[in-house]
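> Pasting a structure here, questions to come.
The values are calculated or read from the model by the stated rules, or taken from the named source; none is laboratory data. On a predicted model such as this, the values are computed, not experimentally measured, just so you know. So basically every Cβ, Gly included, is an ideal-geometry build from the backbone, and we count neighbours across all protein chains shown.
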Amino acid sequence: MKRQKITKANIVENIYGSSELQKRDILRVVDELFEELKSALKNDMVIELRGFGTFEVRTRKGRPRARNPKTGELTPVDTHGVAVFRPGKEIKSLVWMLRK
C-alpha cells in the first residue's frame, strides 16, 4: 500500500481553504517558518513545538569503513550531525494505531 504524502504546496492550499488570507501571504509565513527551523538546527539549537514534537541535531559517530549501497565500494565516514524528530504525546497518540 503506497502512502499519501503532503507537500508544502498542499499545506499552503489547506490553510488557504480554511482562512481569509492570501496564498502569497501564507506561503511567505510557511517559508519563513521553515527558514527559522533550518537556521535553528544549523546553530545546534533544539526546537520544541509543544503538542507536536522536538527537532534536534545529534552526532553520529564516524567509522573507518562503510559500504556505499549503490557501488558496493568501501569508504570512510566522518563524524557528522543528523537531524532527528521526537514526536510529542499528542502526535504519538494520533499515530499509535495506524499500522495495526
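> Assess whether Asp44 counts as being at positive phi and free of Cβ contacts under 8 Å to residues at least 40 places away in the same chain.
On the way: at positive phi: yes; free of Cβ contacts under 8 Å to residues at least 40 places away in the same chain: yes.
Judged against the criteria, Asp44 is a match.
> If you don't mind, another one. Identify all residues within the range 71-93 that are more than 30 Å from Arg50 (Cβ to Cβ), among the β-branched types (Val, Ile, Thr) and at pLDDT below 95; write none if there are none.
Thr71, Thr75, Val77, listed by residue number.
> From Thr71, Thr59, Thr75, grab the single residue that is of a type in the set (Val, Ile, Thr) and either surrounded by 12 or more Cβ atoms within 10 Å (Cβ to Cβ) or not in a strand (DSSP E or B) (or both).
Thr71
> Filter the range 1-43 down to residues that are among the hydroxyl-bearing types (Ser, Thr, Tyr) and not in a helix (DSSP H, G or I) and give me whichever is nearest to Phe55 (Cα to Cα).
In this case the residue turns out to be Thr7.
> Also, I was wondering about something else. Looking at the range 17-45, which of the residues that are among the hydroxyl-bearing types (Ser, Thr, Tyr) and surrounded by 10 or more Cβ atoms within 10 Å (Cβ to Cβ) is nearest to Val57 (Cα to Cα)?
Within the range 17-45, the match that is nearest to Val57 (Cα to Cα) is Ser39.
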